[in-house]
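To start, the structure itself, in structure tokens.
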């Protein structure tokens, strides 16, 4: 199965995809927020072009697994995505994925502007790697599946 990870932000959203064997995550794109309709059109077009079968969206939680304002925005976006797509949408709890991504980029020798342009995609990679590291049987338990009311 191939997954598309989303590190959602109000200005920029990083995307990463898995290989079909669910072993690796690869940075794919950064979407600039130019309106919700444009955002979802670009996201769904990329998902179709990549042939993904599910979305994994990073859910930024506070310590103690409490929702932050960012988490509420992510939940709203995930619900809108679930209404627009027939693909499963999972919310993967994340803690400091941007911080982890920045550290990885610095270790790779990136500096300054190189980091700011790549951090969103690297965060999406970190989210997807966390999801893929879980045994398949535990993914549904660890990640929250977003459903739409019928």
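The values are calculated or read from the model by the stated rules, or taken from the named source; none is laboratory data. These numbers were taken from a predicted model, which means no experiment stands behind them. All Cβ positions, even for glycine, are placed from backbone atoms using ideal geometry, and neighbour counts span all protein chains on display.
Return the residues of segment 54-97 that are more than 11 Å from the chain's Cα centre (by Cα) and either on the phi > 0 side of the Ramachandran plot or modelled with pLDDT under 85 (or both); say none if nothing qualifies. Once the filter is applied, which keeps residues that are more than 11 Å from the chain's Cα centre (by Cα) and either on the phi > 0 side of the Ramachandran plot or modelled with pLDDT under 85 (or both), segment 54-97 yields 61, 62, 63, 64, 65, 66, 67, 68, 95, 96. The one condition from (1) without any contact (Cβ under 8 Å) to a residue 40 or more places away in the chain; (2) under 17 Å from residue 124 (Cβ atoms); (3) surrounded by fewer than 15 Cβ atoms within 10 Å (Cβ to Cβ) that residue 69 does not meet is (2). Restricting attention to segment 7-20, the residues that are part of a loop (DSSP other than H, G, I, E, B) and either at pLDDT 95 or above or under 16 Å from residue 55 (Cβ atoms) (or both) add up to 4. State yes or no: is residue 32 under 13 Å from the mean Cα position of the chain (by Cα) and closer than 21 Å to residue 121 by Cβ? No.
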